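The values are calculated or read from the model by the stated rules, or taken from the named source; none is laboratory data. A quick note: this is a predicted structure, and the numbers were derived from the prediction, not measured. As a convention, Cβ positions derive from the backbone with ideal geometry for all residues, glycine included, and neighbour counts pool all protein chains shown. Accessible surface areas use protein heavy atoms only, side chains included; no ligands, DNA or RNA. Shrake-Rupley method; radii C 1.70, N 1.55, O 1.52, S 1.80 Å.
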Amino acid sequence: MSRLSIRTYLVTAKRHLRQVIQNKGTASFAVDSITCAIVYGYIQSSESQARRKNHVVIPVTNIPAADLSLRPELTALLRHAGVKPDDLITLDDLASLPMPLSKTDWTLVDHNALTGHLAQHYTSSISGVIDHHDDESAVPSSASLRVIERSGSCNSLVVNQLRSSWDDASSNSTSVGAANAQSSDGVIDDEAYTTTWDAQVARLALGSILIDTHCMTDESKVTEHDRRAVRYLEARINASRKYGKDYDRKVFFEEINAAKSDLDPLSLVDVLRKDYKQWTEGAKTVGVSSVVKPISWLQRKAEGDFTQNLVDFAIKRQLQLLAIMTAFTSESGDFARELLLIALDGKGAKEAAERFAEQAASELGLEQSLLEGLSGKSRPPFAQLWHQKNVAASRKRVGPLLREALR
């Protein structure tokens, strides 16, 4: 098989998926997750040995296709690789579950435990993981690939892990013309094609890293993994005749970040769904929505009673706890965080919320704030808004603290 562009690779991966015969890399619903799966699958599938064996690693995004529209920053980033959201492989493309276990094995990127329908069928088929979240011990230590380390972005770990494979794919690319038709004079500049494709892949990974580390300025998140990956990716971009001459890190970041911050077209429910994760501990489930606007902005978004909107959102997902984490620039120009926690009736949810408030207050620097608009009709058993003074603590830290309170 010839070296392919990213878009042609995704078309090929969909075709292989229908035959149900190949490896899969699976992602959750963050942009970092989705691009991790694409980058991982593309590099692994482009390696010379994989091309000889016609072996395709299929990047599966663990969401329905309709939910891709909630991520305008994803659309903006994909555009730099000549890809549209419709080209991605989602849960809709898996059709009926399960596929034969003997014909699938899964590598997890940007999470280390399968969730939802995939977890019900394929947990025993996980063969590897690359992740930067807390280890849930769902992937055995004997896995053929097991990288779980702290980094600002999971893409940094993926790029560093596959660097030699990427170098191999670039240095051994042949028959590019077969994948792209011939030029008018019958001559194909293989290097021009491959450096362009490498730059496109690099932009996918780099855009995610810059978003997750605020353009490599957030020292609470940036690690040596990120610095090493960014140096490599920017070298890939600068080696491209097409992309290198105009590349500017700050301009690139600001374009993607502006798209991420544009929530005006979305409803309140869609804003909450946009960057949402949930976990179950025993009989209790907690959901966490991350939003790049303050709570006051969300209240203005609500149709009707704001708190009732949140309660309805939680009930639909059978949650006991719902947390909303905001991250935004304050009027004074400082980075700020808020945390809103709601507990529903039953299963000890109120007690779990109180436990969290007691156990996490000091570490997170929680200062109580007034949550306006609470009425007798919509008032849940527990509802508290805090200013979170420890702005370095993202969902990667708050999530485990909430889960601990549920136990």
Query raised in the report: Any residue in region 209-221 that is touching a residue at least 60 places away in the same chain (Cβ under 8 Å), of a type in the set (D, E) and open to solvent by 30 Å² or more (accessible area, probe 1.4 Å)?
Result: yes
Query raised in the report: Taking H121, is it open to solvent by less than 70 Å² (accessible area, probe 1.4 Å) and either in contact with a strand residue (DSSP E or B) (Cβ under 7 Å, 6 or more places away or on another chain) or in a loop (DSSP other than H, G, I, E, B) (or both)?
Result: no
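Of the residues that make up region 40-49, is at least one among the hydrophobic types (A, V, I, L, M, F, W, C), open to solvent by less than 40 Å² (accessible area, probe 1.4 Å), farther than 16 Å from D131 by Cβ and at pLDDT 90 or above? Working first, answer last.
Of all residues in region 40-49, those among the hydrophobic types (A, V, I, L, M, F, W, C) come to 43.
Subset that is open to solvent by less than 40 Å² (accessible area, probe 1.4 Å): 43.
Those left that are additionally farther than 16 Å from D131 by Cβ: 43.
Retained after the next criterion (residues that are at pLDDT 90 or above): 43.
Yes, some residue in region 40-49 is among the hydrophobic types (A, V, I, L, M, F, W, C), open to solvent by less than 40 Å² (accessible area, probe 1.4 Å), farther than 16 Å from D131 by Cβ and at pLDDT 90 or above.
If you scan region 241-289, which residues turn out to be aliphatic (A, V, I, L, M), open to solvent by less than 50 Å² (accessible area, probe 1.4 Å) and out of contact with any Pro (no Cβ under 6 Å at 6 or more places or on another chain)? Don't jump to the end; show me each part of the working.
Taking region 241-289 and keeping what is aliphatic (A, V, I, L, M), we get 251, 256, 258-259, 263, 266, 268-269, 271-272, 283, 286, 288.
Going one step further and asking which of them are open to solvent by less than 50 Å² (accessible area, probe 1.4 Å), we end up with 256, 259, 263, 266, 268, 271-272, 286, 288.
Once the filter is applied, which keeps residues that are aliphatic (A, V, I, L, M), open to solvent by less than 50 Å² (accessible area, probe 1.4 Å) and out of contact with any Pro (no Cβ under 6 Å at 6 or more places or on another chain), region 241-289 yields I256, L263, L266, L268, V271, L272, V286, V288.
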Report task. Exactly one condition in (1) assigned to a strand (DSSP E or B); (2) touching a Phe, Trp or Tyr at 6+ places or on another chain (Cβ under 7 Å); (3) modelled with pLDDT under 95 is not met by G373; state its number. Result -> (1)
Query raised in the report: If you go through region 95-110 one residue at a time, do you hit one that is at positive phi, modelled with pLDDT of 85 or more, open to solvent by less than 30 Å² (accessible area, probe 1.4 Å) and not basic (K, R)?
Result: yes
Query raised in the report: From the set of residues in region 50-85 that are among the hydroxyl-bearing types (S, T, Y) and modelled with pLDDT under 90, which is least open to solvent (accessible area, probe 1.4 Å)?
Result: T61
Report summary line: Restricting region 222-235 to residues that are under 22 Å from L78 (Cβ atoms) and in contact (Cβ under 8 Å) with a residue 40 or more places away in the chain, the one most open to solvent (accessible area, probe 1.4 Å) turns out to be Y232
Query raised in the report: Which number in (1) modelled with pLDDT of 95 or more; (2) closer than 15 Å to V271 by Cβ marks the one condition that R337 misses?
Result: (2)
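Would you call A192 among the small types (G, A, S), within 20 Å of C36 (Cβ to Cβ) and either surrounded by fewer than 17 Cβ atoms within 10 Å (Cβ to Cβ) or at pLDDT 85 or above (or both)?
On the way: among the small types (G, A, S): yes; within 20 Å of C36 (Cβ to Cβ): no; either surrounded by fewer than 17 Cβ atoms within 10 Å (Cβ to Cβ) or at pLDDT 85 or above (or both): yes.
Taking the combined requirement at face value, the residue does not satisfy it.
Identify, please: which residue in region 345-370 is in a loop (DSSP other than H, G, I, E, B) and closer than 21 Å to V291 by Cα and is, among those, most open to solvent (accessible area, probe 1.4 Å)?
First pass over region 345-370, keeping only residues in a loop (DSSP other than H, G, I, E, B): 345-348, 365, 370.
Subsequent filtering for residues that are closer than 21 Å to V291 by Cα retains 365, 370.
On the way: G365: 21, L370: 132 Å².
Filtering first and then ranking leaves L370.
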